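The values are calculated or read from the model by the stated rules, or taken from the named source; none is laboratory data. The model shown is predicted, which means the values in this text are computed figures rather than measured ones. Here the Cβ positions follow ideal geometry from the backbone for every residue, glycine too, while neighbour counts run over all protein chains shown.
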Amino acid sequence: MNLTTTATAALLLATASWGATASTVGLTNAGQPASLISLNDLKAVQESKVTARQAIAAAQARSNGGDLVDLKFDASTGTPVYKVRTRRDLTVWDSEIDARTGQVIGAGATTPEAQLGDDDRSELAGLVRVPSASLLQAVVTAENSGGKVVSAEVEEINGRSAYELIVVKNGSPRRLVYRTHYH
């Protein structure tokens, strides 16, 4: 089994059994703090017809196949959307995808990486340092376990880059952290 397969299997195992901690294989289930997702977003994501994977596919189609950098579900404006950021050819594209229809809202915004702030450039650099699975693979695996992904991003955790996902399953939000381990 290669590192990608092992990492994906670890993510699937951890999302299938919410109470388990699998830090030895690169994933920790960090519990259910109340601040993970607003009650408004929790209700809206459970009612939304579009999954994070479908929103990512719509964004990638519009951005000519850009890699997923960041995804966040947001219902604060009344229309539930996935805010999606993709990257391709040293350019990022930010867009919103309607969580009810899967349609891209507006034209989005394209920004050369050189014009991004330090935090955004650091997030992009983190994508390179988590090589065993893509952020999209982590989203797909979490959704295949029956969860709805409401957030997916690269974070610096204890000095190492990791993928952090907020996943809702059975009405309960969980923070999942995916780290690679080299032996």
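If only one of 83, 49 is at pLDDT 85 or above and either exposed (fewer than 14 other Cβ atoms within 10 Å of the Cβ) or acidic (Asp, Glu) (or both), which one is it?
Numbers: 83 fails: either exposed (fewer than 14 other Cβ atoms within 10 Å of the Cβ) or acidic (Asp, Glu) (or both).
Answer to the check: 49.
Taking the options 116, 135, 124, name whichever one is in contact with a strand residue (DSSP E or B) (Cβ under 8 Å, 6 or more places away or on another chain), crowded, with 20+ Cβ neighbours inside 10 Å and not aromatic (Phe, Trp, Tyr). Spell out the reasoning first.
On the way: 116 fails: crowded, with 20+ Cβ neighbours inside 10 Å; 124 fails: crowded, with 20+ Cβ neighbours inside 10 Å.
That would be 135, the only listed residue that is in contact with a strand residue (DSSP E or B) (Cβ under 8 Å, 6 or more places away or on another chain), crowded, with 20+ Cβ neighbours inside 10 Å and not aromatic (Phe, Trp, Tyr).
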Open item on the list: Condition check: within 18 Å of residue 57 (Cα to Cα), of a type in the set (Asp, Glu) and touching a residue at least 40 places away in the same chain (Cβ under 8 Å). Does residue 96 satisfy that?
Closed with: no
TODO: Within the stretch 147-162, identify whether any single residue is out of contact with any helix residue (DSSP H, G or I) (no Cβ under 8 Å at 6 or more places or on another chain), part of a loop (DSSP other than H, G, I, E, B) and under 24 Å from residue 175 (Cα atoms), and answer yes or no.
DONE: yes
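Considering 99, 59, which residue is among the aliphatic types (A, V, I, L, M), out of contact with any Cys (no Cβ under 8 Å at 6 or more places or on another chain) and over 17 Å from residue 41 (Cα atoms)?
On the way: 99 fails: over 17 Å from residue 41 (Cα atoms).
Testing whether each residue is among the aliphatic types (A, V, I, L, M), out of contact with any Cys (no Cβ under 8 Å at 6 or more places or on another chain) and over 17 Å from residue 41 (Cα atoms) leaves just 59.
Do any helices (runs of 4 or more DSSP H) lying entirely in the stretch 31-143 carry at least 1 residues that are more than 15 Å from the chain's Cα centre (by Cα) and over 19 Å from residue 163 (Cα atoms), and which ones are they? Show your work before the answer.
Working: elements: 39-47, 52-62, 118-128.
Passing ranges, in order: 39-47, 52-62.
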TODO: State whether the residues of the stretch 86-95 include one that is acidic (Asp, Glu) and modelled with pLDDT of 90 or more.
DONE: yes
